[in-house]
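Q: Take a look at the following structure, please.
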Amino acid sequence: MKKLRIAVIPGDGIGKEVIPEGIQALEAAGRKHSVEFEWTYFDWSCETYHQTGRMMPEDGIEQLRQFDAIYLGAVGFPGVPDHISLWGLLLPIRRAFDQYVNLRPVRLFDGVPCPLAGKQPGDIDFYVVRENVEGEYSSVGGIQYEGTEHEVVCQQSLFTRRGTDRILKYAFDLAQSREAKHLSSATKSNGIYHSMPYWDNRVLKMAKHYPEVKVDHYHIDILTANFVRVPEHFDVVVGSNLFGDILSDLGPACTGTIAIAPSANINPEKTYPSMFEPVHGSAPDIAGQNIANPLGTIWAGAMMMQHLGFPAVHDSLMQAMETVLKEKQHLTRDMGGVASTQELGAALVRHIA
Ligand code: NAI
Ligand code: MG
């Protein structure tokens, strides 16, 4: 019996509603494959911020370091500015643990109504590989002459060679491992003068090591249009922090709901714990109503098991998810059903068992 030690941060809003479903599903799939879990809960959230002035304690990163992985719901809630909640918890964890890959699968499942006309399950099946620790999401910059008519704001994007090359290498490796062997790079080298031509050049350099991988480049504006027009064209899409963030909401939205989509913040070297969460946020508009879709969190749990070396647990979670979607008996409202968060979670657990 293998025992995994997981740090759990349910966070805010629907984060607290979907995480229990994820844990139940992981427990059920773990039992089938002799994997045990030890869950350690951290109540770090916007509520904590109101009480303590911090999203997580000063030694928060140290507390997390000893775990095999981190399982996160979502953070952010009205009353705390979003840049405080993100920069106070999520972004420091991604950076401190060098989780430089953000891997976000996009798939159209049988049973989920697709908003794009004429698309069948299987037509949409690709990965967004997002750079996760640098790029546009930088804290370098400042405001001068604040509060006056001469106010000037400067926000720096940072692209390092190391940071660019390692995310590209990850994306090329992933593309190489897939049947289609097709990589699309998100750029904007027509409008952004320095960083994006640099990005394009590094893509071309990296491509030389992967002669079998077919590479194309799209400016981000037409790339978003193509996600909607021809999603079946894509296999692996790599982008900077900002572009990857945008694409990984749009991609899942094209498959019916963003609430299914998972997000793996990966430290590929496994020097530090990686973190797994749904793509969606805390959804204050539906929080407390018990209608949140838990599947993004459950799929994130499956990715956690894949990362930790338990592909059988991953597969059993994915099969249960496919079955529950196909049956259409226990879908939440965002997928056109009437089931509650727990009803969907429980149906999935029954399929695992
Ligand atoms: P959101 O993802 O929370 O919500 C967007 C829309 O999708 C809402 O209408 C919501 O009801 C719906 N939705 C999201 N998840 C759902 C689910 N599981 N089931 C059914 N419907 C779902 O994004 P929004 O509104 O931009 O952000 C809300 C808060 O969440 C903000 O404070 C934001 O900063 C934070 N946020 C946190 C993230 C994280 O912790 N990783 C990621 C994105 C946003
Ligand atoms: Mg996002």
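Q: Checking Phe126 against (1) modelled with pLDDT of 95 or more; (2) surrounded by fewer than 18 Cβ atoms within 10 Å (Cβ to Cβ): exactly one of these is not met. Which one?
A: (2)
Q: While we're looking at this one, here's another question. Working only within the stretch 85-123, note down all residues that are without any contact (Cβ under 8 Å) to a residue 60 or more places away in the chain and either more than 15 Å from ligand 2 (Cβ to nearest atom) or farther than 18 Å from Ala283 by Cα (or both).
A: Hits for the stretch 85-123 are Trp87, Gly88, Leu91, Pro92, Arg95, Ala117, Gly118, Gln120, Pro121, Gly122.
Q: So which of Tyr170, Tyr137 is out of contact with any Cys (no Cβ under 6 Å at 6 or more places or on another chain), touching a residue at least 12 places away in the same chain (Cβ under 8 Å) and assigned to a loop (DSSP other than H, G, I, E, B)?
A: Answer to the selection: Tyr137.
Q: Test Met321 against the stated conditions and say whether it is modelled with pLDDT under 95, away from ligand 2 (no atom under 16 Å from the Cβ), among the aliphatic types (A, V, I, L, M) and within 30 Å of Asp82 (Cβ to Cβ).
A: So Met321 fails the test.
Q: Just need a number here: residues in the stretch 267-285 that are in contact with a Leu (Cβ under 8 Å, 6 or more places away or on another chain) and either outside the structural domain of Arg95 (by TED's automatic domain parsing) or within 16 Å of ligand 2 (Cβ to nearest atom) (or both).
A: 3
Q: A further question on this structure: Can you find even one residue in the stretch 301-314 that is within 16 Å of ligand 2 (Cβ to nearest atom) and either more than 21 Å from Asp123 (Cα to Cα) or acidic (Asp, Glu) (or both)?
A: Checked the stretch 301-314: no residue is within 16 Å of ligand 2 (Cβ to nearest atom) and either more than 21 Å from Asp123 (Cα to Cα) or acidic (Asp, Glu) (or both).
Q: Give the residues of the stretch 254-285 that are within 15 Å of the chain's Cα centre (by Cα) and within 9 Å of ligand 1 (Cβ to nearest atom), sorted by residue number.
A: Thr257, Ile258, Ala259, Ile260, Ser263, Glu277, Pro278, Val279, His280, Gly281, Ser282
Q: Follow-up. So in the stretch 244-253, with the set limited to residues that are under 13 Å from the mean Cα position of the chain (by Cα) and in contact (Cβ under 8 Å) with a residue 60 or more places away in the chain, which one is surrounded by the fewest Cβ atoms within 10 Å (Cβ to Cβ)?
A: Applying the filter and picking the extreme gives Asp245.
Q: When both residues are 6+ apart or on different chains and their Cβ atoms are under 9 Å apart, which pairs have a first residue that lies in the stretch 320-343 and is more than 13 Å from Gln289 (Cα to Cα), and a second that is more than 12 Å from ligand 1 (Cβ to nearest atom) and aromatic (Phe, Trp, Tyr)?
A: Met321/Phe109; Glu322/Phe109; Leu325/Phe109; Lys326/Phe109
Q: Among the numbered criteria (1) crowded, with 21+ Cβ neighbours inside 10 Å; (2) at pLDDT 95 or above, which one does Met335 miss?
A: With respect to (1) crowded, with 21+ Cβ neighbours inside 10 Å; (2) at pLDDT 95 or above, Met335 is out only on (2).
Q: Which condition breaks for Glu277 when tested against (1) surrounded by 21 or more Cβ atoms within 10 Å (Cβ to Cβ); (2) among the acidic types (Asp, Glu); (3) in a helix (DSSP H, G or I)?
A: Tallying (1) surrounded by 21 or more Cβ atoms within 10 Å (Cβ to Cβ); (2) among the acidic types (Asp, Glu); (3) in a helix (DSSP H, G or I), Glu277 fails exactly one: (3).
Q: Which of the numbered conditions does Asp82 fail, given that it passes all the others? Conditions: (1) closer than 24 Å to Val238 by Cβ; (2) in the same structural domain as Glu47 (by TED's automatic domain parsing); (3) within 16 Å of ligand 2 (Cβ to nearest atom); (4) of a type in the set (D, E, K, R).
A: (1)
Q: Being without any contact (Cβ under 8 Å) to a residue 60 or more places away in the chain and closer than 18 Å to Pro105 by Cα is the filter here; which residues of the stretch 287-301 pass it?
A: If the condition is that a residue be without any contact (Cβ under 8 Å) to a residue 60 or more places away in the chain and closer than 18 Å to Pro105 by Cα, then Leu295 is the only one that fits.
Q: Search the stretch 271-286 for residues that are on the phi > 0 side of the Ramachandran plot and pair each with any residue that is aliphatic (A, V, I, L, M) and within 6 Å of ligand 1 (Cβ to nearest atom) when their beta-carbon atoms are under 7 Å apart and the residues are at least 6 apart or on different chains.
A: Close Cβ pairs (under 7 Å, with a partner that is aliphatic (A, V, I, L, M) and within 6 Å of ligand 1 (Cβ to nearest atom)) amount to Ala283/Ile14; Ala283/Ala292.
Q: Pick from the stretch 70-88 the residues that are part of a helix (DSSP H, G or I), more than 8 Å from ligand 1 (Cβ to nearest atom) and not β-branched (Val, Ile, Thr): which of them is surrounded by the most Cβ atoms within 10 Å (Cβ to Cβ)?
A: For the stretch 70-88, the residue satisfying everything is Gly88.
Quick grid of which residues meet (1) assigned to a helix (DSSP H, G or I); (2) touching a Cys at 6+ places or on another chain (Cβ under 7 Å); (3) within 15 Å of ligand 1 (Cβ to nearest atom); (4) outside the structural domain of Asp173 (by TED's automatic domain parsing):
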position	(1), (2), (3), (4)
Ile291	no, no, yes, yes
Ala300	yes, no, yes, yes
Val313	yes, no, no, yes
Thr323	yes, no, no, yes
Leu331	no, no, yes, yes
Gly345	yes, no, yes, yes
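Q: Can you spot a residue in the stretch 228-241 that is within 16 Å of ligand 2 (Cβ to nearest atom) and of a type in the set (Phe, Trp, Tyr)?
A: So far as the stretch 228-241 goes, no, none of its residues is within 16 Å of ligand 2 (Cβ to nearest atom) and of a type in the set (Phe, Trp, Tyr).
The values are calculated or read from the model by the stated rules, or taken from the named source; none is laboratory data. From a predicted model like this one, the values you see are computed outputs, not experimental measurements. FYI the Cβ positions are ideal-geometry reconstructions off the backbone, even for glycines, and counts take in every protein chain you see.
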